[in-house]
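This report concerns only the one structure given below.
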Amino acid sequence: MVEIKIKTKIDAPVEKVWSIISRIDDDYKFWNLTKSIRNISKDRNEIIREVRFGKTDRCYQRILLFPKDGINTHWTKGVITGTKDIILTDLNSITLLEVQIDYTISGPARLFPGRMHEELQIEAEIAVDLIKEKAEGKPHTIPMVERKSWADLIHE
């Protein structure tokens with residue numbers, strides 16, 4: 001079980017932050033373990049999609065969008081199952097962004113729980129920082145590191 005909680009205040013109104021996080025087809029720009037996304041169905045504020053990590057690992061997600069409040073991602077099938085919630089709180093001209101992750105890892109990656117927790121923690125921290133930078137209109141300052149696929153992590 002991987003549990004991650006991250007909070008940050010963003011110097012931008014909630015509408016601006018929502019406009020960034022609600023473009024879920026751009027998730028790969030923030031969540032760098034994601035290599036490709038294929039939408040299976042879309043019905044108003046619910047999206048079912050396939051997400052790929054590396055060349056072979058795929059997961060399925062059910063995403064619920066709650067305009068200006070947040071996003072609930074339920075990982076339903078694949079090497080990751082569980083939830084990721086992104087919650088926005090309007091603090092007038094500032095937005096509190098919270099990410100809460102509760103994942104179960106399966107397959108060969110589960111043999112390295114400490115390593116997987118570390119990789120997913122780093123990914124979440126980078127995603128939150130990238131969202132903050134974009135919302136605040138600041139240039140990108142976080143160094144990007146080439147992320148590895150699940151199989152690469154096992155063979156280290």
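The values are calculated or read from the model by the stated rules, or taken from the named source; none is laboratory data. Keep in mind it's a predicted model, so treat the numbers as computed, not measured. Positions of Cβ are generated from backbone atoms using ideal geometry, with glycine treated the same way; all protein chains shown enter the neighbour counts.
Some observations on this one:
- Exclusive hit being of a type outside the set (A, V, I, L, M), at pLDDT below 90 and surrounded by 15 or more Cβ atoms within 10 Å (Cβ to Cβ), set Lys35, Lys84: Lys35
- Residue match in segment 54-75 (condition: of a type outside the set (Val, Ile, Thr), in a loop (DSSP other than H, G, I, E, B), in contact with a strand residue (DSSP E or B) (Cβ under 8 Å, 6 or more places away or on another chain) and more than 14 Å from Leu33 (Cα to Cα)): yes
- Test: residue in segment 92-101 that is at pLDDT 95 or above, of a type in the set (Ser, Thr, Tyr), under 23 Å from Ser19 (Cβ atoms) and touching a Lys or Arg at 6+ places or on another chain (Cβ under 8 Å): yes
- Selection status of Val79, in contact with a helix residue (DSSP H, G or I) (Cβ under 6 Å, 6 or more places away or on another chain), touching a residue at least 24 places away in the same chain (Cβ under 8 Å) and surrounded by 16 or more Cβ atoms within 10 Å (Cβ to Cβ): yes
- Segment 1-42: number of residues that are more than 11 Å from the chain's Cα centre (by Cα), assigned to a helix (DSSP H, G or I) and either within 15 Å of Lys132 (Cβ to Cβ) or free of Cβ contacts under 8 Å to residues at least 12 places away in the same chain (or both): 6
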